[in-house]
Amino acid sequence: MRKPVVRACLTALTGLAATALTVTAAVPAAAGGGPFVGPLHTVRTIASTVPANGDVNPYGTVLIQHSDGKLRRGDILVSNFNNKKNQQGTGTTLVEVSPRGEVSQFARIDRRHLPGPCPGGVGLTTALSVLPGGWVVVGSLPTKDGTSATAKAGCLIVLDERGRVRETIAGHGINGPWDMTAATHGDTTDLFVTNVLNGTVRANGRVVHRGTVLRLTLCSHGEDQPPTLMSTTTIGSGFAERTDPNALVIGPTGVGLGDDDTLYVADTLGNRITAIRDASTRRDTAGTGRVVTSGGALNGPLGLAVAPHDEILTVNSGDGNLVDTAADGRQLAVRTLDSSGSPAGAGALFGLAVDRDHRKVYFVDDATNTLNVLERP
């Protein structure tokens, strides 16, 4: 039964390559009648993201588009990076939160019972996507004791719609998967994954320029069998990265795919957003890509999501602000999401997800361990 599906995957890949030059250009931000976040001024806490085992430090955030198994359309899935002792790279849980504040544990991953290799174990990162059929893929950058000295390469962990771990994807250039976005084309799905451990631990806090963006192409086998890896391509490289006693590691973080097949990358240490063209079809690295915008309201951008008309939403590590940037580099709007701490909101914001239908932005705040929403008053 698997051979026809594999052939379909290969056909889909060939078709993408053949039509790569026919994609339409992004619509300018002005076509949407103003910035996406223009009417959004209210921040509201939805619920705590702390599950029964006490995991904290919510990182990954994804809006569920289709109901499958335990996954409910419109809910938000969140991954936790720390355990109850607040040790980084040791979180093992995924929680599901409804817009009404109902919280349930989607999965708790046991490092002792993984179905395949995951160097170092389990420490769930911002890399989180839900694929067709309810397959959940989450990144792991694990440590033994919450310090960068013990950080290992990790893997991608694949769970089914019931929260059961079915597969791991390790090696193939995966080395500290930090964030991720996904795009599906027929029977294939491309995972775009940033990696932040290439040479960072050995550099012991010094900046190295070895951060990467990988495109991993998966083939779907339906609801009963997890997707399998078909190919891996390095499409971005040379990003600045380093270990950090507070953040564990800093490097290229959020990624989002635009309508014209441009992948936008939050280059955290470079304090900029860059763009990699032809992300789904290119066969080589674009280096760090073209600079879309830098400086201005950006302050160490972490999480990234693409809104309608290819507006790029990023959240800062240096303060509690969200920045809305047009694809042409104009910084359109700024919203304060977290005003606590000193400096205000620093280091609290990671994952965010855009609800295009209801014009909302969901985000996690790891200073309060909550899921929140930016919405209309």
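The values are calculated or read from the model by the stated rules, or taken from the named source; none is laboratory data. Every value quoted in this text rests on a predicted model; they were computed, and no experiment measured them. Note: ideal-geometry Cβ built from the backbone for every residue, glycine included; neighbour counts use all protein chains shown.
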* Mind checking which residues of segment 300-320 are surrounded by fewer than 21 Cβ atoms within 10 Å (Cβ to Cβ) and either part of a loop (DSSP other than H, G, I, E, B) or free of Cβ contacts under 8 Å to residues at least 40 places away in the same chain (or both)? -> G318
* To do: Could you tell me whether N271 is over 27 Å from G116 (Cβ atoms), touching a helix residue (DSSP H, G or I) at 6+ places or on another chain (Cβ under 9 Å) and not hydroxyl-bearing (S, T, Y)?
  => no
* To do: Kindly state which strands (runs of 3 or more DSSP E) lie completely within segment 146-229 and contain at least 1 residues that are under 18 Å from A127 (Cα atoms), touching an Asp or Glu at 6+ places or on another chain (Cβ under 6 Å) and not hydrophobic (A, V, I, L, M, F, W, C).
  => 165-169, 188-195, 208-219
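Residue check: is R166 under 18 Å from C219 (Cβ atoms), surrounded by fewer than 22 Cβ atoms within 10 Å (Cβ to Cβ), at pLDDT 95 or above and basic (K, R)?
When the stated conditions are applied, R166 passes them.
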* Asked: Can we say R206 is surrounded by fewer than 16 Cβ atoms within 10 Å (Cβ to Cβ) and more than 17 Å from the chain's Cα centre (by Cα)?
  -> yes
* **Qualifying residues in segment 54-105 (those that are acidic (D, E) and outside any loop (DSSP other than H, G, I, E, B)) - the one nearest to P132 (Cα to Cα)** => D68
* Could you figure out which of (1) small (G, A, S); (2) at pLDDT below 95; (3) touching a Gly at 6+ places or on another chain (Cβ under 6 Å) isn't true of S340? => (3)
* Return yes when V137 is over 23 Å from N198 (Cβ atoms), surrounded by 19 or more Cβ atoms within 10 Å (Cβ to Cβ), among the aliphatic types (A, V, I, L, M) and touching a residue at least 12 places away in the same chain (Cβ under 8 Å) and no when it is not. => no
* Asked: What number goes with the only condition from (1) surrounded by fewer than 20 Cβ atoms within 10 Å (Cβ to Cβ); (2) of a type outside the set (A, V, I, L, M); (3) part of a loop (DSSP other than H, G, I, E, B) that T143 does not pass?
  -> (1)
* Asked: Within the bounds of segment 180-192, is there any residue that is buried (at least 22 other Cβ atoms within 10 Å of the Cβ) and at positive phi?
  -> no
